[in-house]
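Written out below as structure tokens is the structure these notes cover.
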Amino acid sequence: MKKFTLFCAFLYWSTTVFLVHPNLAQAKAQPHEVPLRKVFESMGYKVVRKGKYIHLTRELDDRIRLESNSKKALKNGKAYSLTKPVRNDKQSKTYMINVVDIYKLAKEEKKEKHYRVKKGEDLSSIAKKFKVTVNNLRFWNKLSSDVIYPGQHLHTTDPIYIVKQGDSIWEIAHKTESTVRDIKFLNNLATEIVYPGQQLAIPTQPSMKTPAKFADGIFPLAQETYDPLVGTFGDGRNFSTNGQARSHEGNDIMARKWVPIFAVIEGKIVRYGWNTLGGYRITIQAKDGTTFYYAHMMAYPPGLKIGQHVSKGQMIGYVGDTGYGKEGMSGKFATHLHFGMYDASGKAMDPYLYLKWWEINP
């Protein structure tokens, strides 16, 4: 296999391109593998090896156990089977993991307490399902009537949590199926310190209608790896190839460098490589012709090329700040993922509602 250095040249369109993280260059990655430690540490995990096991932990929210040279995995006590065994590259002394196995381990688990009304349901059937009373549901959700609608979010437990002795904000977030970030924001907390008897409001989730298409997609970044989502489609942008102001054709998701990016839906790679505005970017086309555009990446995992099929949840790159100039340019703006969607005719679509749906329906 041809060796690439950190500053490898990018070839256009039909050429396979491997960009390499400076700390990853020693890892002799086989196609579709990336260094396990670097990927999970960029998402906030602590990685510890104990004998044949590799333990990944993140602020008590996630506990993952992997086994060297095995497909077996445990996440919070639940068994998972990986596509490929975790491989110990003895030459580089680096554990490698397949790009299609990362998301299933890092993704947020389903929020049963954050319930979204389904078609044909009423308060009585939901109360029966969760073994609570209709009055509870009215009170917890501040409902003035029994009228509810598909897509509406409902609390099915008391949304006020009373802090117990020994509780931490991370444990509370895990128990209430929320996040540290959202609990701090809703309760106007300047620190992550909580005390027994303190009352915390548990964040609600927005009521949303199911999108007509791609409702089964996933959010392109894993939980707790990005800032609160804000809609930026249509905002003005000054930098352009012709010197004229332009409209922003996507949604920016602010995140740290080297956070892994995942394909939101399956499809075929139709564009790949450097773009003056988007930097290192990739475009994936769905079966109906809709294209999904990921831009400003720092690098790609090995094995990607034009025409290749990409599965939903497959890791396709790393968050970065490349673009706005000649090939290799970076640092012109804050680190983020630019995510865009275009219909079959090439018209830009506002991706915000899709992103929000995928975020709250992991």
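The values are calculated or read from the model by the stated rules, or taken from the named source; none is laboratory data. From a predicted model like this one, the values you see are computed outputs, not experimental measurements. Don't worry about glycine lacking a Cβ; one is built from the backbone with ideal geometry, like all the others, and counts go over all protein chains shown.
The residue that is surrounded by the most Cβ atoms within 10 Å (Cβ to Cβ), among those in segment 271-297 that are in a loop (DSSP other than H, G, I, E, B) and modelled with pLDDT under 95, is 278.
Out of curiosity, is residue 337 under 30 Å from residue 150 (Cα atoms) and either at pLDDT 95 or above or hydrophobic (A, V, I, L, M, F, W, C) (or both)? So residue 337 fails the test. Of all residue pairs spaced 6 or more apart or on separate chains, none has beta-carbon atoms under 7 Å together with a first member in segment 255-271 that is of a type in the set (S, T, N, Q) and a second member that is in a loop (DSSP other than H, G, I, E, B) and buried (at least 24 other Cβ atoms within 10 Å of the Cβ). Yes or no: segment 303-320 includes at least one residue that is under 20 Å from the mean Cα position of the chain (by Cα), of a type outside the set (A, V, I, L, M, F, W, C) and over 30 Å from residue 84 (Cβ atoms). No, segment 303-320 contains no residue that is under 20 Å from the mean Cα position of the chain (by Cα), of a type outside the set (A, V, I, L, M, F, W, C) and over 30 Å from residue 84 (Cβ atoms).
Of the residues making up segment 185-205, those that are under 18 Å from residue 114 (Cβ atoms) and either assigned to a loop (DSSP other than H, G, I, E, B) or out of contact with any Pro (no Cβ under 9 Å at 6 or more places or on another chain) (or both) are 187, 200, 202, 203, 204, 205.
Among the residues of segment 71-83, what is the count of those that are surrounded by fewer than 16 Cβ atoms within 10 Å (Cβ to Cβ) and closer than 18 Å to residue 39 by Cβ? Can you show your working first?
Narrowing segment 71-83 to residues surrounded by fewer than 16 Cβ atoms within 10 Å (Cβ to Cβ): 71-72, 76-81, 83.
Pick out the ones that are also closer than 18 Å to residue 39 by Cβ and you get 71, 80, 83.
Matching residues across segment 71-83 total 3.
Note down all Cβ pairs under 6 Å where the first residue falls in segment 283-311 and is on the phi > 0 side of the Ramachandran plot, the second is among the small types (Gly, Ala, Ser) and in a strand (DSSP E or B), and they're at least six residues apart or on different chains. Correct list of pairs: 296/279; 296/320.
The set of residues in segment 298-337 being in a strand (DSSP E or B) and of a type in the set (Phe, Trp, Tyr) consists of 318 alone.
Looking at segment 338-360, which of its residues are assigned to a loop (DSSP other than H, G, I, E, B) and crowded, with 21+ Cβ neighbours inside 10 Å?
Taking segment 338-360 and keeping what is assigned to a loop (DSSP other than H, G, I, E, B), we get 343-347, 350-351.
Scanning segment 338-360 gives a single hit, 351.
Would you check if residue 121 is within 25 Å of residue 205 (Cα to Cα) and more than 24 Å from the chain's Cα centre (by Cα)? When the stated conditions are applied, residue 121 passes them. For segment 89-143, a tally of residues being at pLDDT 90 or above, at negative phi and among the small types (Gly, Ala, Ser) returns 4.
Which of the helices (runs of 4 or more DSSP H) found entirely inside segment 33-149 contain at least 1 residues meeting this: under 21 Å from residue 220 (Cα atoms)? Quick ask: steps written out before the conclusion?
Details: elements: 36-42, 102-106, 123-130, 134-140.
Qualifying helices (runs of 4 or more DSSP H): 36-42, 102-106.
Take the conditions out of contact with any helix residue (DSSP H, G or I) (no Cβ under 7 Å at 6 or more places or on another chain) and either aliphatic (A, V, I, L, M) or under 19 Å from residue 58 (Cβ atoms) (or both) and apply them to residue 184. Does it pass? Criteria met by residue 184. Against the numbered list (1) aliphatic (A, V, I, L, M); (2) surrounded by 15 or more Cβ atoms within 10 Å (Cβ to Cβ); (3) within 19 Å of residue 204 (Cβ to Cβ); (4) free of Cβ contacts under 8 Å to residues at least 24 places away in the same chain, residue 173 comes up short only at (4).
Looking across segment 245-262, just one residue is part of a loop (DSSP other than H, G, I, E, B) and in contact with a Lys or Arg (Cβ under 6 Å, 6 or more places away or on another chain), and that is 248.
Across segment 176-184, not a single residue is classified as at pLDDT below 90, buried (at least 16 other Cβ atoms within 10 Å of the Cβ) and more than 26 Å from the chain's Cα centre (by Cα).
Could you tell me whether any residue of segment 53-70 is closer than 30 Å to residue 175 by Cβ, among the charged types (D, E, K, R), in contact with a Pro (Cβ under 9 Å, 6 or more places away or on another chain) and surrounded by 14 or more Cβ atoms within 10 Å (Cβ to Cβ)? Yes, segment 53-70 contains at least one residue that is closer than 30 Å to residue 175 by Cβ, among the charged types (D, E, K, R), in contact with a Pro (Cβ under 9 Å, 6 or more places away or on another chain) and surrounded by 14 or more Cβ atoms within 10 Å (Cβ to Cβ).
Take the conditions closer than 30 Å to residue 260 by Cα and of a type in the set (Gly, Ala, Ser) and apply them to residue 127. Does it pass?
Numbers: closer than 30 Å to residue 260 by Cα: no; of a type in the set (Gly, Ala, Ser): yes.
In short, no.
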